[in-house]
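Just below is one structure, and these are the notes that go with it.
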Amino acid sequence: MFYRAFALGLFAITGQVLLLRALISNLNGNDLFIGIALFSWLLAVVTGAYIGGKGRNSSYTCKLFIIGVVITPIIITLIKLSPAWVTSVAGEYIPFTSAVIISVLAMLPIGLISGWLFPLISHEEVRTRKSIVYVYLWEGVGAFVGGLVIVCISGSLLSILQISILMGFATLLFCFIAGRPSSIGNTIIKVTSLLILTIVVLYLSNWIDDKIEKKLFPGYEIQASFDTHYGHQVLLLRDSSYVLISDNNLEAVSSDLITAENYLIPPLLYNNRIKNVLYLGRSEFGVGEVANKFNGLNFTAIDPRLILSRQLNELNKNNSVTKIKHDDPIAYFSELGRESIYDLIIINPGNIESYKNSRFLTERFFRKCKFLLSDSGILFIPTNYDTDRYIQPGSGEILSVINNTLNSVFKSTYAWAGDMTLFFASDRQMPELSIDSISAMVSKLEYEPYYINEYYLSDRLNEIHQERINSVLNSSDQVNRIEKPILSHLQTKFKARADKSDLLIVETIE
């Protein structure tokens, strides 16, 4: 019968995809762990296939399916809890060595069972005069169907934990159908019991998820926790400030006025005729409120997470009048023509350790931005690298690559040192801002900044700071390209310096 081969496909794709998604969502969104986890998976599958090939006891088949279905949600739960074992600070970096160990261990059990099951099922089909190709075929069909279901319901209907339970029910259902023939009454009892058990566990999964979030974020009120197609989001509240955690990374904090001003005010000092602004990121956490202070400023934010917008609306956090387009920025830019022209494009890349974010800092994407900018338009990139008094080892190379990539596309680039290093790029020559010109430009703004004022900027743009940042920007000749995303690699190396074991690995590689 093909049912068990089909069930194997369901089981394997569920374990592989959901475990990978759980690992990325809880290990700071680093794509590097996909390769490490897949290595562990393949190693486990080979080992399991060897064990299954030696024994070929088909009586183990249903037992292995049951064990695998039961432990899959348990492993996902342990992955979700793993950041609490490493750090007690919300959104803090997970050391590379710890993340590697978690990735390897998480994939081993399900990979082992998947590999073990294949020779057992193949042996059954050979005995019934079915070719091994027949098993491959129906396993592939099961994997396709399972993958399609996961794509349709993940990030919109159910959490990762709930999907693993639901797919486990489907796997066992096909496994039981392939078992020994039994009366219709017994079959109905088995299926009904399995369905009831699945519903109970699905109901309990919400309680489990809630307990996990409270364990991970002590001292915060959990306002919302949900999956999107792009990752896992948690909205926290403490002292009237909202905190957005994405894939266990701190993405945004409301009431952070200095960050909001840094994201919008500096490019307005270079061009006071800016009207149309496109912002890549969430505008609800301060930037949109600052933009609302400027009459006539047409501010549009773009972010693909529609579910996040709905959650923020429910919490009354979307209180700005800025427009939000729910689309992938690259897809959106590709569809636009020259009729959509912006005076200012702001890229808030977030954690560039993931390819999902670092792709916005590539030569190809900068060219798309340039195509949509007016003749005097500015591309503005605020980063979280501190170059105010001291430049950390590793950050200088990252800043240099960003600067080189901008220089490969735009005629004029400029960088501001500070607790947030800011990049400006344009095809128009960027003017040198003197103290007098700063005072004049700030006084002309419709909004009076609390932080980005002449006193703050006179210190930030002094000659010593600018000489320091300029010397760093010329330290490398590498460019970040879509076919060679060097920034993700450099960011991983930069964060690795926070842990002694990680630093040892990095130094060995170098």
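The values are calculated or read from the model by the stated rules, or taken from the named source; none is laboratory data. Quick caveat: nothing in here was measured; it's all calculated off a predicted structure. Neighbour counts are summed over all protein chains in view; Cβ atoms, including those assigned to glycine, are modelled from backbone coordinates with ideal geometry. Ligands, DNA and RNA are stripped out before the accessible areas are found, and what is left, the full protein with its side chains, is counted by its heavy atoms. Shrake-Rupley method; radii C 1.70, N 1.55, O 1.52, S 1.80 Å.
Some values worked out for this structure:
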read-out	value
Extension gain from Leu38 to Ile66, taking 0.36 nm per residue of separation minus the Cα-Cα distance	7.8 nm
Cβ-based charge dipole, the chain, positive-most Cα from Phe144, Leu120, Tyr220	Leu120
Heavy-atom accessible surface of the chain: percent carbon and sulfur, 1.4 Å	59 percent
Computed magnitude of the charge dipole of the chain (debye, nearest 20; Cβ of K, R +1, Cβ of D, E -1)	2320 debye
Nearest-ten-degree value, helix 184-216 long axis tilted from longest Cα axis of the chain	30 degrees
Eligible lysines near Lys275 by straight Cα distance, threshold 19 Å, same-chain separation 8 or greater	Lys293, Lys323, Lys325, Lys370, Lys444
Solvent exposure of the chain as accessible area per residue, Å², 1.4 Å probe	45 Å²
Inter-probe distance in nm under a simple model that places probes 7 Å from Cα toward Cβ, at Val133 and Glu483	3.7 nm
Net charge, Gly296 excluded, C-beta distance under 15 Å - Lys, Arg +1, Asp, Glu -1	+3
By accessible area with a 1.4 Å probe, ligands and nucleic acids excluded, highest first: order of His465, His123, His489	His489, His123, His465
0 to 90° range, to nearest 10: angle between helix 395-407 axis and the chain longest Cα axis	70 degrees
The chain - mean residue ellipticity at 222 nm from DSSP helices (-39,500 (n - 2.57) per run, n ≥ 4, rounded to 500)	-18500 deg cm²/dmol
Principal-axis tilt of helix 500-509 within the chain, Cα atoms, nearest 10 degrees	90 degrees
Charge dipole (debye, nearest 20) of the stretch 1-105; +1 at Cβ of Lys and Arg, -1 at Cβ of Asp and Glu	480 debye
Extension reserve of the Leu195-Tyr50 stretch, reckoned as 0.36 nm per residue once the Cα distance is removed	48.8 nm
Dipole axis of the chain (+1 Lys, Arg; -1 Asp, Glu on Cβ), positive-most option in Ile102, Ile307, Leu487	Ile102
Cut-off under 5 Å, modelled amide H: who pairs with Leu373 long-range	Tyr342
